[in-house]
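Asker: Structure provided below as structure tokens; questions to follow.
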Amino acid sequence: MSSQIDHLLSESRRFAPPAQFAAEAVGTTELYERAAADREGFWADQARELLHWHTPFTQVLDWSNPPFAEWFADGELNVAYNCLDRHVEAGNGERVALLWEGEPGEERRITYAELTEEVKRVANVLEGLGVGHGDRVAIYLPMIPEAVAAMLAVARIGAIHSVVFGGFSADSLRARIDDAGAKLVITADGGYRKGKVSPLKPAVDMALADRGSGEQETVEHVLVVRRGGNDVEWNPERDLWWHEAVPAASADHQARPFPAENPLFILYTSGTTGKPKGILHTSGGYLAQAAFTNRVVHDVHPESDVYWCTADIGWITGHTYVTYGPLANGATQVLYEGTPDTPHPGRWWEVIQKYGVTIFYTAPTAIRSFMKIGREVPQRFDLSSLRLLGSVGEPINPEAWVWYRNIIGGESAPVVDTWWQTETGAIMISALPGITETKPGSAQVPIPGITIDVVDDSGEHVGNGNGGLLVITGPWPSMLRGIWGDPERYKETYWDKFADKGYYFAGDGARLDEDGDVWLLGRVDDVMNISGHRLSTAEIESALVANEAVAEAAVVGASDETTGQAVVAFVIIKQSFLKAHAPEGLAGTLRTWVGEQIGPIARPRDIYIVGELPKTRSGKIMRRLLRDVAEGREVGDTTTLADTAVMSVISAQLK
Ligand code: WTA
């Protein structure tokens, strides 16, 4: 790790924005000045300028009961009205909101007027099903316009959505439905992935079937979009087709105002324990920071730009930078259903050329896999419309950054590396593309209105040139308001570590360079980052030990050239199982098992079957040593192991 850090920090290339870009950029140095002079006043200005308030707020921040923040609490707004109706009322109803491209190549252009009408109908359907203010709705959909419409319809009626990534298994879906107590599930028969229909409704049926006795089913209805055309089972008392219910509903629907702190959504993310955390976000502060960052970091000019964020709506990036930020700003955006390489490896570049995309936001893993395929593929397409590139989800290595800028960005488009989390709700650290001289590999500086630091274990500033832990030193509008149903875990996870300072602990290691710019170095806890997706070691371990063959399991994130990190599992097989079964093919069986339990993204790259695991005298697994093995390094210091010979046994077994 340390040689990698030295390598990163020796990066000396700097890129100033093109003069014309700088002249027309939305983000200006005045924003930093204004925010430094009066941080709360600054956010109040943003919230007033960027959003419509049915009832204007008079209070900005209430931090009287930390770590429970309230922003703009006496104000009232409707999130969906802000993303839809007000643009129509302002005369922009004919502007395209969504340029949708299906994986097989179908195209739908949906204007703000059309999307508003659709969302009003869906809102009426939901209310007709008895869903109302504060109820939870699970959304399990592919990347189709109905996904965005469903989220906005839930927001419109003051209910709370919990979007579950379509790649998650029936078990994961069920755990999320149960934790939130969802009343309705919105899904599709299936969606296109890698050239075929990947079914979704069967997973919903499985999730809702075989409930243990005494468990109360909270789900009353399942609303199903027809997309894949695949056969599905039907429960007439519970299931409704979207294409029957929605067109039949009225297109009149008044957007009622809700308090700024009305919950907007829950989004589950992996923590350090096996149970995913339901991160709770509310309305006014979240939307204000989503809209602000999309404007100034992505430099969105809604009247002229074509914006494309490739994230799935199942992740926070899809919430903030597909649904809420761009639509609050009245932007035109591309929504693409499928995978980047179907039916050919240039699919994304073809989409950029076809729609004249000007702003493109994606993850380093994608960039690295395109680098691997070679520049010839993107060079076959006209990418000259691109004027800004963004990166999110994991550290971007300087080589990938420079390749992105040169090959995709025509050697001129600024690249903004944006650091944030499900918990922060919106971008926190990033260059502003019209102002900052960018440095490949560094996320650089907090955005205006955000205060951060890099500190040592006792919370002291480490100073330039040093590494430590990333903290956020003051509350921010789009911060999580808690963990659904678990206020203690919220305090414990994020605030207890630096309780005396009142700092938010992000769980990331970081370093400040000589200019004071921030370099993110990855997680410092047992959370892995696979292709920009968070997975917990504990969650995969508990899936493994749930298999009848497994006695014990330890999982580590090992560095991987393309996906950033990869899941590597070490498992001990039960003696009783080995007596009755042959061990051949067991690793493959367990890989598939994990995929079924959690979802394909969690499938270990490697599974090593071992006789023992390295443990300290107190019984804690020393993952550091397993990581050494997984990454092919010399095994580090083993003196604290209960049995110091274990590692040589394991290493020998794997040779
Ligand atoms: C990592 C995704 C380095 C980080 C928006 C964080 C990053 C976790 C960056 C959150 C970046 C995100 N550079 N690391 N630009 N962006 N991360 O909740 O470890 O899926 O804590 O949110 O991703 O992942 P999440």
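The values are calculated or read from the model by the stated rules, or taken from the named source; none is laboratory data. Please read these numbers as outputs of a predicted model, since none were measured by experiment. Cβ atoms come from the backbone with ideal geometry, glycine included; neighbour counts cover every protein chain shown. The protein model used for the area step is the full one, side chains on, heavy atoms only, and it has no ligands, DNA or RNA in it. Shrake-Rupley method; radii C 1.70, N 1.55, O 1.52, S 1.80 Å.
Asker: Once both labels are modelled 7 Å past Cα along the beta-carbon direction, what's the residue 251-residue 194 spacing in nm?
Answerer: 4.1
Asker: Can you list residues whose amide H is under 5 Å from residue 268's amide H, if they're 5+ apart or on another chain and H is modeled 1.01 Å from N?
Answerer: 279
Asker: Sticking with this one: So which lysines can residue 615 reach, going by Cα to Cα under 28 Å and dropping same-chain residues fewer than 8 places off?
Answerer: Hits, sequence-local ones excluded: 275, 277, 497, 574, 579, 655.
Asker: If you project the alpha carbons of the range 531-654 onto the principal axes, what extent comes out on each, in Å, largest first?
Answerer: 40, 38, 25
Asker: With θ set to phi - 60° and the Karplus curve 6.51 cos²θ - 1.76 cosθ + 1.60, what are the ³J(HN,Hα) couplings of the range 345-350 in order, to the nearest whole Hz, using x for Gly and Pro?
Answerer: Values per residue, Gly and Pro as x: x, x, 4, 4, 5, 5 Hz.
Asker: Report the normalised scattering of the range 429-586 as log10 I(q)/I(0) at q = 0.11, 0.16, 0.21 Å⁻¹, calculated by the Debye formula with identical scatterers on the alpha carbons.
Answerer: For the range 429-586 at q = 0.11, 0.16, 0.21 Å⁻¹, log10 I(q)/I(0) is -0.61, -1.03, -1.39.
Asker: So for each of 94-104, 233-243 I average, over its residues, the number of other beta carbons within 10 Å; can you give me the resulting order with the highest mean first? Write down the numbers at each step before the final one.
Answerer: Numbers: 94-104: 19.4, 233-243: 13.1.
The most tightly packed comes first, giving 94-104, 233-243.
Asker: Further question: Would you list which lysines come within 25 Å of residue 194, measuring only between C-alpha atoms, while excluding same-chain residues fewer than 8 positions from it?
Answerer: 354, 372
Asker: Additional query: With only alpha-carbon atoms counted, please give the Rg and Dmax of the range 93-227, in Å.
Answerer: Answer for the range 93-227, Rg first and Dmax second: 15.3, 53 Å.
Asker: Sticking with this structure for a sec: Skipping prolines and chain starts, which residues have an amide H placed within reach, meaning under 5 Å, of the one on residue 193, given they are 5 or more residues away or on another chain?
Answerer: 198
Asker: Next question. Hey, can you grab everything whose amide H is under 5 Å from the amide H of residue 642? Only 5+ residues off in sequence or another chain; H modelled, so Pro and N-termini drop out.
Answerer: So residue 642 has HN proximity to 615, 616, 617.
Asker: While we're here: What is the P(r) of the chain, as percent of Cα-Cα pairs per 10 Å bin from 0?
Answerer: 3, 15, 26, 28, 19, 7, 1, 0
Asker: At q = 0.18 Å⁻¹, what is the log10 ratio I(q)/I(0) for the range 273-377, with the Debye formula run over Cα points and no solvent?
Answerer: -0.93
Asker: Right, something else. Against the globular-protein guess of 2.2 N^0.38 Å, express the Cα radius of gyration of the range 17-135 as a ratio, rounded to two decimals.
Answerer: So the Cα radius of gyration is 1.43 times the expected 2.2 N^0.38 Å.
Asker: Provide the packing ranking of 116-127, 589-600, 493-504, i.e. peptides ordered by the mean count of other C-beta atoms within 10 Å per residue, highest first. Can you show the working numbers first?
Answerer: Numbers: 116-127: 23.7, 589-600: 18.8, 493-504: 16.9.
Highest to lowest by the protection proxy: 116-127, 589-600, 493-504.
Asker: Could you check how much of the accessible area of the range 32-103 is carbon and sulfur, as a whole percent, using a 1.4 Å probe?
Answerer: On the way: 1430 of 3080 Å².
Whole-percent figure for carbon plus sulfur exposure: 47.
Asker: Convert each backbone phi in the range 612-629 into a coupling constant with the Karplus relation 6.51 cos²θ - 1.76 cosθ + 1.60 (shift: θ = phi - 60°), then list the ³J(HN,Hα) values in order as whole Hz, x for Gly and Pro.
Answerer: The phi angles translate into 8, 10, x, 10, 7, 4, 8, x, 7, 5, 8, 5, 3, 6, 5, 5, 4, 5 Hz.
Asker: May I ask you to list the residues of the range 516-555 whose amide nitrogen lies under 11 Å from a point 7 Å from Cα along the Cα→beta-carbon direction of residue 653?
Answerer: The answer is 551-554, whose backbone nitrogens lie closer than 11 Å to the label point.
Asker: If you don't mind, another one. Assuming 0.36 nm per residue, please report the length gained on full extension of the stretch residue 500 to residue 578 beyond their Cα-Cα distance.
Answerer: Here the segment from residue 500 to residue 578 would lengthen by 22.9 nm.
Asker: Determine Rg/Rh for the range 202-251; Rg is computed over alpha-carbon atoms and Rh is the Kirkwood hydrodynamic estimate from the same atoms.
Answerer: Values: Rg = 13.0 Å, Rh = 12.6 Å.
Expressed as Rg/Rh, it is 1.03.
Asker: Counting only protein heavy atoms and a 1.4 Å probe, tell me what percentage of the range 531-654's accessible area is made up of carbon and sulfur.
Answerer: Using a 1.4 Å probe with all protein chains present, the range 531-654 comes out at 51 percent carbon and sulfur.
Asker: Once phi is turned into θ = phi - 60°, what whole-Hz ³J(HN,Hα) does the Karplus curve with 6.51, -1.76 and 1.60 give for every residue of the range 227-241, x standing for Gly and Pro?
Answerer: Rounded to whole hertz, the list is 10, x, x, 6, 5, 9, 6, 9, 10, x, 6, 10, 9, 9, 7.
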